[in-house]
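> The structure is given below, and queries will be raised subsequently.
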Amino acid sequence: MTAVLLTGFGGLDKLDYRTDVPVPAPADDEVLVQVGAAGVNNTDVNTRTGWYSKAVRDGTGSDESEVDVSDDGGWAGESLVFPKIQGADVAGTVVAVGSAVSADRIGERVLVRSMQQAPSGEHGVCVTMGSEINGGFAQFCAVRSEEAFAITTDLTDAELASFPCAWSTAEGLLERAGLVAGERVLITGASGGVGSAAIQLAKRRGAHVIAAASASKWATVTEWGADQVIDRDADFVEELGANSVDVVADVVGGDSWPQLLEVLKLQGRYATSGAIAGPIVELDLRTLYLKDLTLVGSTFQPRSVFENLVSYIERGEVTPVVARTYALRDIAQAQQDFVAKTFAGKLVLLPPAVEVA
């Protein structure tokens, strides 16, 4: 099959586009999915560069090529086994099943959960598509049957592939933060995959959404449902006022991070799933304890988060936001464009069609 192999930590030269990769054989409890489309995510870039290593201190996409990430470059604090097929987002069709899976699943359209329950004793609580297990940057992938969710929808594979990683991350963030109707939520990185998902999902919960994005993308994030937009480089306290926001959903971090706690109300909640502007921030513990704040890190999501997401899609309660699609062979360009952040929404890769003998 055609696939992109990640051959080691490093630059775009570590992405090896191949046409001679063996099609994986599904294990007893697995299904074989013909990949229709696979989304591009921060975690793809972060995994390739070894950004998750504690030795890296700059934001996503930065060049720290002299830093040794060999021991802890994977998101779970470990190294990775190479070569690896990346791709956290998979939308496609079941074309074969393992011996313990009903053949009735063949022909199902499926979305694959990106952040999966780890098999007992492996990698802590979860494993990620394209990191601990092979992902969707290929014509086929084998996944545990319970992690391939049947879905009934008229959306295209490219549209479906925009959902799994970013939208489950956003839903997990809002769930962990306990966002409810009537509350004010500040969403950073609002024009990106997680941010655009968080806008729609927060509106679905009945919240008042404040979106932080570059001025060139204000019209777009407003179309997605934001009630208020502010510049991503603005002084948040000056723009919004201290103690004015119930919840912050953050994927940015970086130098402006302390302002996010200042705009939170007393007993406000901050939740994070990323640090694209930089992982090292300054925390004044007096702000934390005198305001009685709750700070939450959000990575693993219970199964119910993905089940709920599938139901939202099937009921038409959320709308996919695909900015651009690329052929799988153009993965390097797609990742360059992703890091440049000149788009709003999601970028999606399309593998070549499978030739039928």
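The values are calculated or read from the model by the stated rules, or taken from the named source; none is laboratory data. In this text, all values refer to a predicted model and were calculated from it rather than measured experimentally. Heads up, the Cβs are rebuilt from the backbone with ideal geometry, glycines too, and the neighbour counts pull from every protein chain shown.
> Among the numbered criteria (1) surrounded by 16 or more Cβ atoms within 10 Å (Cβ to Cβ); (2) over 21 Å from Asp13 (Cβ atoms); (3) of a type in the set (Val, Ile, Thr), which single criterion is violated by Thr49?
Tallying (1) surrounded by 16 or more Cβ atoms within 10 Å (Cβ to Cβ); (2) over 21 Å from Asp13 (Cβ atoms); (3) of a type in the set (Val, Ile, Thr), Thr49 fails exactly one: (2).
> Being under 27 Å from Ala327 (Cβ atoms), free of Cβ contacts under 8 Å to residues at least 60 places away in the same chain and more than 18 Å from the chain's Cα centre (by Cα) is the filter here; which residues of region 110-162 pass it?
Listed by number, the list holds a single entry, Asp154.
> Restricting to region 220-251, name every residue that is part of a loop (DSSP other than H, G, I, E, B) and either touching a Lys or Arg at 6+ places or on another chain (Cβ under 7 Å) or crowded, with 16+ Cβ neighbours inside 10 Å (or both).
Matches in region 220-251: Trp224, Gly225, Ala226, Arg232, Asn243, Ser244, Val251.
> While we're on this one: I'd like the full set of residues that are of a type in the set (A, V, I, L, M, F, W, C) and part of a loop (DSSP other than H, G, I, E, B), limited to region 17-73.
Those that are of a type in the set (A, V, I, L, M, F, W, C) and part of a loop (DSSP other than H, G, I, E, B): Val21, Val23, Ala25, Ala27, Val40, Trp51, Ala55, Val56, Val67, Val69.
> From the list Ser65, Ser79, which residue is surrounded by fewer than 16 Cβ atoms within 10 Å (Cβ to Cβ), of a type outside the set (D, E, K, R), modelled with pLDDT under 95 and within 27 Å of Gly192 (Cα to Cα)?
Within the list Ser65, Ser79, the selection yields Ser65.
> Could you say whether any residue in region 314-332 is assigned to a helix (DSSP H, G or I), in contact (Cβ under 8 Å) with a residue 60 or more places away in the chain and within 17 Å of Thr156 (Cα to Cα)?
Yes: region 314-332 contains one or more residues that are assigned to a helix (DSSP H, G or I), in contact (Cβ under 8 Å) with a residue 60 or more places away in the chain and within 17 Å of Thr156 (Cα to Cα).
> Also, quick follow-up: Checking Leu309 against (1) buried (at least 18 other Cβ atoms within 10 Å of the Cβ); (2) in contact with a strand residue (DSSP E or B) (Cβ under 7 Å, 6 or more places away or on another chain), which single condition isn't satisfied?
Status for Leu309: all satisfied but (2).
> Among residues belonging to region 299-310 that are of a type in the set (S, T, N, Q) and out of contact with any Asp or Glu (no Cβ under 8 Å at 6 or more places or on another chain), point out the one that is modelled with the highest pLDDT.
Residue satisfying both the conditions and the ranking: Ser304.
> Can you name the condition, by its number, that Gly98 falls short on among (1) farther than 30 Å from Ser298 by Cβ; (2) within 23 Å of the chain's Cα centre (by Cα)?
(2)
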